[in-house]
């Protein structure tokens, strides 16, 4: 039964999952997006935020690598023993990351362009057998290109997020995280605003891009559903055509790394 | 302009922010919820998930503590120097936490009933001057009580999340996290399902409660908005009247703590 919005005095935030056919290397991600939107009977509106699954974008950008093509370097074997991962995958992880913090079974914790990510974002789920998918080369730049393409074709100012799934400290299961963003303010700064009692706020920044990346997981799934896009409508995201990038902080300013890596 | 859902072939996930008046100690949170729902012109449907801000619940549960009432123990001063926090607040943090991992400016990283949380969840935002708000005593038990009250009054099976905001490792800004849950499966287990290429999935669990807690932040805000509830409709949350609690993992199994605290 369709929901009758007119019975409520408030406009809900809405998230539409947009299906596509299987995406192949060298596909045009924007064309696929337009087809998905059309199939769903939707159009863009100003202020919408589009969430794109990083694996879909990376596949279209031909970031699929056959493990047989990987030449092993000197240190890959060491981490393979620690993690139990294929040494060829380790080699790619080392090539793709700036810092390796260490490993446990199944994962190396790495830093890539300021993003903390397991295995440098390399995934062998949703990749052909014997292959892995690297992160998109520059997710925020790709997001910005989609922002521009949407504006050119639809005349609407839309924000774009490139999203991945991520576990959180001491939690079972994955939420979403924005690994790239453009066209809106990825973090809302509420410094200067007041709390319920008129005192200055202590928690002052909302990670809008990460919140919407997580929300999108609720319609995209992480399996074989072929839902590479989610369209978020009516969020408080602030459009900003010049904005590009997600906001990271240095390890020393981080509640987790600042405390744990110095113990 | 209201959205005309009939133009699309898909039913979106929807999130409604529900406003209330200022909540006071000893208020009945369920009565406030019913008033908020009524004001918004909404009713519960089977499968809805209600997100409750932990500060609203904690205030109604009279978890507000005046700092003047706190008697300092032996170690509070030590952490006060490290963090710059009021020693009386530190004392409460020590009383409320099971483990203190360490501190940086403004925060002690603590474990409370398996939940990793800054300052044992104690917050002086949205508290009267000179007071702080502790976490609800048992957030999942409170969530379960709301599940039962909703079923009794409305005859609908609804999931309930008690949500807080939380920074993520190396990220600027807060997302949402479930500190309590009941009435639905907090984590969806997809082990055994296949990826796009028919291979077994590697990432197999979705932290549904955390995803929806984050999504709710997009309508609740963290400031003086007085939006203590969010109603999530059309998510893939699986109702389970017996389910209670969020799912945490031990430090050794965690990608972050397992690696960083052993360095």
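The values are calculated or read from the model by the stated rules, or taken from the named source; none is laboratory data. What you see is a predicted model, and the numbers here were worked out from it, not measured in a lab. Glycine also receives a Cβ, built like all others from the backbone with ideal geometry; neighbour counts cover every protein chain displayed.
The single condition among (1) within 24 Å of residue A:173 (Cα to Cα); (2) at pLDDT 95 or above that residue A:245 does not meet is (1). Of all residues in the range A:147-161, those satisfying the criterion of being away from chain B (no Cβ under 14 Å), out of contact with any helix residue (DSSP H, G or I) (no Cβ under 6 Å at 6 or more places or on another chain) and either crowded, with 21+ Cβ neighbours inside 10 Å or part of a strand (DSSP E or B) (or both) are A:147, A:150.
For the range B:44-65, the criterion of being modelled with pLDDT under 95 and loosely packed, with under 13 Cβ neighbours inside 10 Å is satisfied by no residue at all. For the range A:99-110, indicate whether the set of residues that are over 18 Å from residue A:82 (Cβ atoms) and free of Cβ contacts under 8 Å to residues at least 60 places away in the same chain is non-empty. No, every residue in the range A:99-110 fails to be over 18 Å from residue A:82 (Cβ atoms) and free of Cβ contacts under 8 Å to residues at least 60 places away in the same chain. Apart from one condition, residue A:100 fits all of (1) surrounded by 21 or more Cβ atoms within 10 Å (Cβ to Cβ); (2) at pLDDT below 95; (3) over 16 Å from residue A:23 (Cα atoms); the exception is (1).
Would you confirm whether any residue within the range B:181-195 is away from chain A (no Cβ under 13 Å) and modelled with pLDDT of 95 or more? Among the residues of the range B:181-195, at least one is away from chain A (no Cβ under 13 Å) and modelled with pLDDT of 95 or more, which makes the answer yes.
Would you confirm, using the coordinates I've provided, whether residue B:138 is free of Cβ contacts under 8 Å to residues at least 60 places away in the same chain, more than 9 Å from chain A (Cβ to nearest Cβ) and in contact with a helix residue (DSSP H, G or I) (Cβ under 7 Å, 6 or more places away or on another chain)? Taking the combined requirement at face value, the residue does not satisfy it. For the range B:162-191, the set of residues classified as without any contact (Cβ under 8 Å) to a residue 12 or more places away in the chain and either in a loop (DSSP other than H, G, I, E, B) or out of contact with any strand residue (DSSP E or B) (no Cβ under 7 Å at 6 or more places or on another chain) (or both) consists of B:168, B:170, B:172, B:173, listed by residue number.
Residue count for the range B:30-52 satisfying the condition of being in contact with a helix residue (DSSP H, G or I) (Cβ under 6 Å, 6 or more places away or on another chain) and either within 11 Å of chain A (Cβ to nearest Cβ) or farther than 22 Å from residue B:239 by Cα (or both): 2. Taking residue A:27 as the residue in question, decide whether it is surrounded by fewer than 20 Cβ atoms within 10 Å (Cβ to Cβ) and assigned to a loop (DSSP other than H, G, I, E, B). It is true that residue A:27 is surrounded by fewer than 20 Cβ atoms within 10 Å (Cβ to Cβ) and assigned to a loop (DSSP other than H, G, I, E, B).
Across the range B:106-135, the qualifying residues are those that are in a loop (DSSP other than H, G, I, E, B) and within 9 Å of chain A (Cβ to nearest Cβ), and the one among them that is surrounded by the most Cβ atoms within 10 Å (Cβ to Cβ) is B:126. Being assigned to a loop (DSSP other than H, G, I, E, B), at the interface with chain B (Cβ under 7 Å from one of its Cβ atoms) and at pLDDT below 95 is a property that holds for residue A:224. Taking the range B:66-81 as the range and being surrounded by 13 or more Cβ atoms within 10 Å (Cβ to Cβ), in a helix (DSSP H, G or I) and touching a residue at least 24 places away in the same chain (Cβ under 8 Å) as the test, the residues that pass are B:67, B:79. Would you pick out the residues in the range A:240-263 that are assigned to a loop (DSSP other than H, G, I, E, B), within 7 Å of another protein chain (Cβ to nearest Cβ) and within 18 Å of residue A:177 (Cα to Cα)? Scanning the range A:240-263 gives A:247, A:249, A:254, A:255, A:256.
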